[in-house]
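J.: First the structure, then my questions, so here it is.
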Amino acid sequence: MQQRSSRDGKEPIARALGQTFATLQHLSDLAFAWGSRKLKQAGSGAEANVQKGIWSKLKRVGKRSARFVGTMGDAYYDWYERLKAQKRS
């Protein structure tokens, strides 16, 4: 990181904090995208035979919920990337 004088209006501490916050945002975005992809994969597992019973129903609902949340996360980030691309152009 270059040290700049405060004469150009950009103080080094403020710049370093801004870069740190941007890095943290980027890392949280990556973690969220990874998590949504994993949830989608977990929910996409083959549902073998449909069994009766509370545990099998809970498992089925859990997989469907994970798939839903994973798909929602993918849609969020796809749309977010489009909005960022529009802002840049």
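The values are calculated or read from the model by the stated rules, or taken from the named source; none is laboratory data. These figures come from a predicted structure and were not determined experimentally. Here the Cβ is made from the backbone with ideal geometry for all residues, glycine too, and neighbour counts use every protein chain on show.
J.: For segment 50-74, how many residues meet the condition of being small (Gly, Ala, Ser), surrounded by 10 or more Cβ atoms within 10 Å (Cβ to Cβ) and more than 13 Å from Leu39 (Cβ to Cβ)?
T.: Filtering segment 50-74 down to residues small (Gly, Ala, Ser) leaves 53, 56, 62, 65-66, 70, 73.
If we keep only those that are surrounded by 10 or more Cβ atoms within 10 Å (Cβ to Cβ) as well, we get 56, 62, 65-66, 70, 73.
Okay, now just the ones that are also more than 13 Å from Leu39 (Cβ to Cβ), so 56.
Residues meeting the conditions: 1.
J.: With of a type outside the set (Asp, Glu), part of a helix (DSSP H, G or I) and in contact (Cβ under 8 Å) with a residue 40 or more places away in the chain as the only criterion, which of Gly35, Gly62, Gly18, Gly73 stands out?
T.: Step by step, each of Gly35, Gly62, Gly18, Gly73 is checked, and only Gly73 is of a type outside the set (Asp, Glu), part of a helix (DSSP H, G or I) and in contact (Cβ under 8 Å) with a residue 40 or more places away in the chain.
J.: One residue is enough: does segment 36-46 have a residue meeting the conditions closer than 30 Å to Ala66 by Cβ, modelled with pLDDT under 85 and over 20 Å from the mean Cα position of the chain (by Cα)?
T.: yes
J.: Name every residue in segment 1-15 that is part of a helix (DSSP H, G or I) and at pLDDT below 85, in order of residue number.
T.: Within segment 1-15, the first condition is being part of a helix (DSSP H, G or I), and the residues that meet it are 6-8, 12-15.
Hits for segment 1-15 are Ser6, Arg7, Asp8.
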